[in-house]
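Asks: Provided herewith is a single structure, encoded as structure tokens, for subsequent inquiry.
The values are calculated or read from the model by the stated rules, or taken from the named source; none is laboratory data. Keep in mind it's a predicted model, so treat the numbers as computed, not measured. Note that we place each Cβ from the backbone using ideal geometry, even for glycine, and neighbour counts take in every protein chain shown. Just the protein is used for accessible areas: all its heavy atoms, side chains included, with ligands, DNA and RNA removed. Shrake-Rupley method; radii C 1.70, N 1.55, O 1.52, S 1.80 Å.
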Amino acid sequence: MKFESMIRLLNGFPAARVLVLGDVMLDRFIYGSVDRISPEAPIPVVNVERYLDMPGGAANVARNIAAMGAHVILLGVVGDDAWAGDLRVQLASSATIDARLIVDSSRPTSVKTRYVADGQQVMRADRESRDPLPAHIAERLLDEFSAALAGAESVVLSDYAKGVLSDPVTRAAIDIARRSGKIVIVDPKSKNSARYRGATVLTPNQVELQQACGQECLADEQVIDGAHLFLEQGICDAMVVTRGKDGMSIVQAGGNAVHLPTAKRQVFDVSGAGDTVDDVLSLGLAVGAGVVDAAALANIAAGIVVGKRGTATVTPGEMIAIQRPFDASADPQKIFALDTALQLARSWREQGLKIAFANGCFDLLHPGHISLLEQARHSADRLIVGLNADSSIRRLKGPNRPIQAEVARATVLSAVKSVDAVVIFAEDTPIDLIEALAPDVLVKGADYTLDQVVGADFVMRRGGKVLLAQLLPGHSTTDTVTRVTGSSGS
């Protein structure tokens, strides 16, 4: 895929609307260390230090779609328990997830608890029911699904075999969606492929394809043959098969198969990689990409997410950055992933250059922003700008911001002469970025005091300095939005 085509598609993501139906769950990670074996049994004793909750299953698909800047309606079923409350809290942290969870008091909320000691997962405990939904809950779920369809261009059915997507519910959902002209992507878990008849795209992994077709699917031709067993029955229009280290295969009815190699990156955790494929594929198709181009985007995103720990997300900025890596022999591009920015910073320091760092939302770039960036650049030899991701800005400023998506904001910033590199970050503060880059000068506007500047202590302890840049009066994104719309947009 051409870089320009990728930019065009990613820029369309914030306008996309996706409906996700499936098995929602809570992913809980319990972190600690191991220094002894239990005297009761030959098992490690984990000294628990902290835990982290994340949306899992279909809820992770929704979280990934939201991280891409798009809007998502999430439909699923939870129990009448505290775990459901924990899941709702996690989903509420994203302004673009509309979670419509139905309570079924006869079943528990699905929870996967992973115990991680010294960076290694040592055990997983699952709390779940795999029974089909009671008839009245299934009927209510399909009613909600029908009502939500009008607000979506594409549909993802996320099947984790926890009972929500039973044969009748799956068949009904696909039938309702296709009659409404919607794109339907299904992540299949059942060996009964007939239940997915009418889907636009199925996204099995290699093992799931083998189990469903009953034959080995290792080589390219074997994968194609296995996929055609379903295409010829009219089960789906296309199949996107994820194949681990062998990449991804796209097989379409009446078309040539395409095999995409996987990017060679260090793999830390494959948790949620399939969810990432589903969400990017659904967004690509929703904004008008063909199956091959949408799958190419999904392949890039999956290659990034497996390099993170836990059920992580990917942003459009990361996808752009990873496709434009630093090359010391070429003119440097300005939008970078953090690991590439670290390489760039290292090369600058080897040349004896000092590095300044500034951060912000930079929504609707104005002369005040330009003035701050120029002051920052004049304080050092190179300037790296940390740019808040869309998800971060929504948490900080509300659901109506940013005005421009992160891809557009990064592109505009990269065109500013005083900026040497742009790194997008999804956290609420840039402290992780600052500690990784260790700038010589940390720059913030003079409307801050020194004790309010995130990372100031870290930089000064290392012998760096903090610059409070003079503000150019009369320029503010919020004021501009107010003048145009009559509201603050926050």
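Asks: What do you reckon, is Tyr196 under 28 Å from Asp53 (Cβ atoms), crowded, with 17+ Cβ neighbours inside 10 Å and either touching a residue at least 40 places away in the same chain (Cβ under 8 Å) or in contact with a His (Cβ under 7 Å, 6 or more places away or on another chain) (or both)?
Replies: no
Asks: What residue, among those in region 270-306 that are at negative phi, open to solvent by 30 Å² or more (accessible area, probe 1.4 Å) and in a loop (DSSP other than H, G, I, E, B), is modelled with the lowest pLDDT?
Replies: Per the stated criteria, the residue is Val270.
Asks: Between residues in region 248-276 that are charged (D, E, K, R) and residues that are open to solvent by less than 60 Å² (accessible area, probe 1.4 Å) and at pLDDT 80 or above, which pairs lie under 7 Å by C-beta distance while being six or more apart or on different chains?
Replies: From residues that are charged (D, E, K, R), the pairs are Arg265/Gly303; Asp275/Asn60; Asp275/Val61; Asp275/Asn64.
Asks: In region 247-269, is there at least one residue being under 23 Å from Ala296 (Cα atoms) and in contact with a Pro (Cβ under 9 Å, 6 or more places away or on another chain)?
Replies: Checking region 247-269: at least one residue is under 23 Å from Ala296 (Cα atoms) and in contact with a Pro (Cβ under 9 Å, 6 or more places away or on another chain).
Asks: A further question follows. Answer yes or no: is there a residue in region 227-235 that is in contact (Cβ under 8 Å) with a residue 24 or more places away in the chain and part of a helix (DSSP H, G or I).
Replies: Within region 227-235 (the criterion being in contact (Cβ under 8 Å) with a residue 24 or more places away in the chain and part of a helix (DSSP H, G or I)), the answer is yes, since at least one residue qualifies.
Asks: Of the residues in region 95-120, how many are under 12 Å from Ala59 (Cα atoms) and of a type in the set (Lys, Arg)?
Replies: So the count comes out to 1.
Asks: Please specify each residue of region 345-359 satisfying the condition of being without any contact (Cβ under 8 Å) to a residue 40 or more places away in the chain, part of a helix (DSSP H, G or I) and not acidic (Asp, Glu).
Replies: Arg346, Ser347, Trp348, Arg349
Yes or no, residue by residue, for (1) touching a residue at least 60 places away in the same chain (Cβ under 8 Å); (2) assigned to a loop (DSSP other than H, G, I, E, B); (3) buried (at least 19 other Cβ atoms within 10 Å of the Cβ); (4) not aliphatic (A, V, I, L, M):
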position	(1), (2), (3), (4)
Val385	no, no, yes, no
Gln404	no, yes, yes, yes
Val407	yes, no, yes, no
Thr411	yes, no, no, yes
Val416	no, yes, yes, no
Val422	yes, no, yes, no
Thr429	no, yes, no, yes
Pro439	yes, yes, yes, yes
Asp451	no, no, no, yes
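Asks: So, restricting to strands (runs of 3 or more DSSP E) that lie completely within region 109-184, which ones have at least 3 residues that are out of contact with any helix residue (DSSP H, G or I) (no Cβ under 9 Å at 6 or more places or on another chain), open to solvent by less than 40 Å² (accessible area, probe 1.4 Å) and over 22 Å from Leu19 (Cα atoms)?
Replies: On the way: elements: 111-117, 120-127, 154-158.
By residue number, 111-117.
Asks: Go through region 69-101 and count every residue that is over 25 Å from Pro134 (Cβ atoms) and open to solvent by 10 Å² or more (accessible area, probe 1.4 Å).
Replies: Result for region 69-101: 8.
Asks: Still on this structure, I have one more. What single numbered condition from (1) in contact with an Asp or Glu (Cβ under 8 Å, 6 or more places away or on another chain); (2) over 30 Å from Tyr51 (Cβ atoms); (3) at pLDDT below 95 fails to hold for Asp159?
Replies: Of the numbered conditions (1) in contact with an Asp or Glu (Cβ under 8 Å, 6 or more places away or on another chain); (2) over 30 Å from Tyr51 (Cβ atoms); (3) at pLDDT below 95, the odd one out for Asp159 is (2).
Here's the yes/no breakdown for (1) basic (Lys, Arg); (2) modelled with pLDDT of 90 or more:
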{"site": "Ala389", "(1), (2)": "no, yes"}
{"site": "Leu396", "(1), (2)": "no, no"}
{"site": "Pro402", "(1), (2)": "no, no"}
{"site": "Arg462", "(1), (2)": "yes, yes"}
{"site": "Leu472", "(1), (2)": "no, no"}
{"site": "Thr485", "(1), (2)": "no, no"}
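Every residue, every condition in (1) farther than 30 Å from Ala389 by Cα; (2) modelled with pLDDT of 95 or more, yes or no:
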{"residue": "Val61", "(1), (2)": "no, no"}
{"residue": "Asn64", "(1), (2)": "no, no"}
{"residue": "Ala70", "(1), (2)": "no, no"}
{"residue": "Asp80", "(1), (2)": "yes, yes"}
{"residue": "Leu87", "(1), (2)": "no, yes"}
{"residue": "Gln90", "(1), (2)": "no, no"}
{"residue": "Ser94", "(1), (2)": "no, no"}
{"residue": "Gln120", "(1), (2)": "no, no"}
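Asks: Could you grab me the full set of residues in region 16-41 that are in contact with a helix residue (DSSP H, G or I) (Cβ under 9 Å, 6 or more places away or on another chain) and open to solvent by 10 Å² or more (accessible area, probe 1.4 Å)?
Replies: Arg17, Arg28
Asks: Ok, one more. Considering region 360-379 alone, what residues qualify as being open to solvent by 20 Å² or more (accessible area, probe 1.4 Å), in a loop (DSSP other than H, G, I, E, B) and touching a Leu at 6+ places or on another chain (Cβ under 9 Å)? Quick ask: steps written out before the conclusion?
Replies: So the first thing to find is which residues in region 360-379 are open to solvent by 20 Å² or more (accessible area, probe 1.4 Å), and the list is 361, 364-367, 369-372, 374-375, 377-379.
Subset that is in a loop (DSSP other than H, G, I, E, B): 361, 364-366, 379.
Cys361, Leu365, His366, Ser379 - these are the residues of region 360-379 that are open to solvent by 20 Å² or more (accessible area, probe 1.4 Å), in a loop (DSSP other than H, G, I, E, B) and touching a Leu at 6+ places or on another chain (Cβ under 9 Å).
Asks: Can you pull out the residues in region 67-108 that are of a type in the set (Asp, Glu), without any contact (Cβ under 8 Å) to a residue 60 or more places away in the chain and either closer than 16 Å to Ser158 by Cβ or outside any loop (DSSP other than H, G, I, E, B) (or both)?
Replies: Of everything in region 67-108, just one residue is of a type in the set (Asp, Glu), without any contact (Cβ under 8 Å) to a residue 60 or more places away in the chain and either closer than 16 Å to Ser158 by Cβ or outside any loop (DSSP other than H, G, I, E, B) (or both), namely Asp98.
Asks: Please state which one of Ala66, Ala58 is surrounded by 21 or more Cβ atoms within 10 Å (Cβ to Cβ) and closer than 24 Å to Tyr196 by Cβ.
Replies: Ala58
Asks: Name the single residue, out of those in region 236-267 being under 30 Å from Gly119 (Cα atoms) and not in a loop (DSSP other than H, G, I, E, B), that is most open to solvent (accessible area, probe 1.4 Å).
Replies: Lys245
Asks: Hey, another quick one. Just to be sure I understand, how many residues within region 387-402 are assigned to a helix (DSSP H, G or I) and among the small types (Gly, Ala, Ser)?
Replies: 2
Asks: Kindly check whether there is at least one residue in region 19-26 that is over 30 Å from Ser154 (Cα atoms) and part of a strand (DSSP E or B). Explain how you work it out, then say what you get.
Replies: Restricting attention to region 19-26, the residues satisfying the condition of being over 30 Å from Ser154 (Cα atoms) are none.
Looking through region 19-26, none of the residues is over 30 Å from Ser154 (Cα atoms) and part of a strand (DSSP E or B).
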